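The values are calculated or read from the model by the stated rules, or taken from the named source; none is laboratory data. Predicted model, so just to flag it, every value in this text is computed and none were measured. Please note: Cβ atoms are built from the backbone with ideal geometry, for glycine as well, and neighbour counts cover all protein chains shown.
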Amino acid sequence: MNNKQKIQTIRADLLKNGFYKHLNNQEKLSEKFLCEFNLARAKDNPRNIHFNHSWKEIDSYGEDRILLLIELGGTFLKLFKISVKNNRINLLKSKKINFYRKIIYTPEILFSDLKLRLDFFLNHHEQQTIENCIFIFTFPLKQYKRKDGIIDGICTNFAKQHRSKGIVGLAIGENLQKYLNQNGYPLLKIGVTNDSPPSLLAAKKIEIENKEENFDAIINIIVGTGSNIAVGYNLNNNFFISNTEFGLFTSFPQSVYDKRMDKKTTSKGTYLTEKMFSGAWRDEVFKEILKSLIKKKVIDKKLKQKYKISKLDSKGLDELLDKRMIKSHELYPLKFIWQEISKRGGYICGFALANIILELQKDKQDMNFGIIEVGGVIEFSKNFNNTMIQTMNLFIEKNFCSTNAPRKITISLFNPKMQTIYGSTIFDAFLH
C-alpha cells in the first residue's frame, strides 16, 4: 500500500474502533457534559473556592512581602522566590527540578524530598525568615479554610502515574507546614491550592495592566501533563472559582484503544477524559493504535523498531512527528495518527469551552470572557490548539444562529507570562 491507501485504511480502523464517537449526537453529548459541569460548579462542592471580595475588588497584588511559591506538577517541581513591592511583582529566583522517583510516596517521603529541594534553593537566612508560602499541589483537592484563616487542601487523588500510601485524605498544607516548621523553616505558613485557580487569577494581571479590560467571567484551561478547566465569576457579589477537575469527567466516549490503555494504568477507571489527550497519556493511546495496525499489517513493525517508538513519550513523539515537514515519507502514516489524537483532544476541549460559555451566558445579554490557556500540549501542538479554537467558535456561532438571540459574547484568549506567579500572588493576598 502507498501512504494514501495506508491513511485511508487507518482512518477506517479508527472509525471502526470508536475513535470518532465524540462526533456523534452532539446534543446528547452536550446534555451529559453540562450535567457534569453544573455538578462540578455547585456552591457546596469542596473543590471550589469562595472569595470575600468581588472580581472588581480583587484589584492588586497585596501588601509588600516576600513570597515562596512551590509548584508540584505531575513531572516537575518548580520553586520561586517572589518580591511584592509597590504593587509590582519581581521574580528573585526560580528553579525547575525533575522531581519524582519510582517509589511509593508516603507523606514522610514526599515532605522530606520537598525539604531537600528547598534546602538547596534557599540559604539559611531565607529558611529562617520567610513566612508566606503558597503550595500549588496539582492533584485533586478538597479545599477548606483552617482555623488560622489559611486556605488548605485535602488530597483526594494522588494516582495518575505515581503510587502513594497515606497521601490521599491528608491535609497537605497543615502537615507540610508542621513538618517544615520543625525542620528549619520556623515561620513558614503554607496555603494550598490546585494549579487551576492561580492560572485563572492571572487574568487580573491583564486587567491591572490594561484598565479598559473588564472580564465578566474567566475560564482557565490546562492541557499539559494532565488536564483541567476552572471557571471564575461573581456569585452573590463575591468571586467564585469552580475547579471542575475536567480530566475526571466521563461524558466523552472512549474508543477501543482508550479502554485498552486504561486497563494498563494504575488509575484504571479514572481520569478518562484526561487520558484521551493529555501529555501523560496520549503517547500510550498512540502506541495502542500502532499496535493494532501492526497486527493488521497496515504498519510495518520494523518502523516501530527503527524509530524506537516504544521508548518515546509524548514529547518525543512531538519531536518526531508533529512538525510541518518530516524527513521520511514512511513516517507520514504515523504523523497522521498523532495528528488525529491531537485533533480529537482539541475538539473535545473546544466543545467543552463552548458549552461552558453558552451555559454561563444563558440568562444574560452580553458577556466578556477571558480564557487563559496553559500547558505544553496547548502551547506546542498547533493541531490541538487550532482545532480547539475552531471548534469552540463554530459551536458558539451555531448556537447563536439557531436561537436568533440578541446577545453578544466577546472572547479573548491569553497565555500571560509568569501566570502562575501572578495568580498565586493574588491568591496569597486575598485568600491567605
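A few comments on the model shown:
- Residue check for Glu284: modelled with pLDDT of 95 or more, within 23 Å of the chain's Cα centre (by Cα) and crowded, with 18+ Cβ neighbours inside 10 Å: yes
- Leu317 falls short of the stated requirement of being crowded, with 16+ Cβ neighbours inside 10 Å and over 23 Å from the mean Cα position of the chain (by Cα).
- Filtered residues of segment 410-432 (kept if farther than 19 Å from Asp59 by Cβ and either touching a Pro at 6+ places or on another chain (Cβ under 7 Å) or acidic (Asp, Glu) (or both)): Thr420
- Which numbered condition Asn214 fails, given (1) more than 28 Å from Arg163 (Cβ to Cβ); (2) at pLDDT 95 or above: (2)
- Segment 79-102, subset free of Cβ contacts under 8 Å to residues at least 40 places away in the same chain and of a type in the set (D, E, K, R), residue farthest from Gln127 (Cα to Cα): Lys102
- Set Asn175, Asn243, Asn183, Asn210: member being in the same structural domain as Gly376 (by TED's automatic domain parsing) and surrounded by fewer than 24 Cβ atoms within 10 Å (Cβ to Cβ): Asn210
- Residue check for Ile190: over 29 Å from Gly345 (Cα atoms), buried (at least 16 other Cβ atoms within 10 Å of the Cβ), at pLDDT 95 or above and hydrophobic (A, V, I, L, M, F, W, C): yes
- Filtered residues of segment 281-308 (kept if farther than 20 Å from Ser251 by Cα and in contact (Cβ under 8 Å) with a residue 60 or more places away in the chain): Ile289, Ser292, Leu293, Lys296, Val298, Ile299
- Sub-9 Å Cβ pairs linking a first residue in segment 130-145 that is more than 11 Å from Ile172 (Cα to Cα) and in the same structural domain as Ile229 (by TED's automatic domain parsing) to a second residue that is modelled with pLDDT of 95 or more and of a type in the set (Gly, Ala, Ser), at least 6 apart or interchain, number zero.
- Segment 27-46 - residue that is basic (Lys, Arg) and under 19 Å from Lys142 (Cβ atoms) and, of those, surrounded by the fewest Cβ atoms within 10 Å (Cβ to Cβ): Lys43
- Where Thr250 falls short, out of the listed (1) under 30 Å from Leu431 (Cβ atoms); (2) modelled with pLDDT of 95 or more; (3) over 12 Å from the mean Cα position of the chain (by Cα): (1)
- In segment 345-396, the residues that are hydroxyl-bearing (Ser, Thr, Tyr) and out of contact with any His (no Cβ under 8 Å at 6 or more places or on another chain): Ser381, Thr387, Thr391
- Number of the exception - Trp55 against (1) in a strand (DSSP E or B); (2) surrounded by 18 or more Cβ atoms within 10 Å (Cβ to Cβ); (3) not aliphatic (A, V, I, L, M): (1)
- Here segment 15-33 is the region considered, the condition is being of a type in the set (A, V, I, L, M, F, W, C) and out of contact with any helix residue (DSSP H, G or I) (no Cβ under 6 Å at 6 or more places or on another chain), and the residue that is nearest to Gly423 (Cα to Cα) is Leu29.
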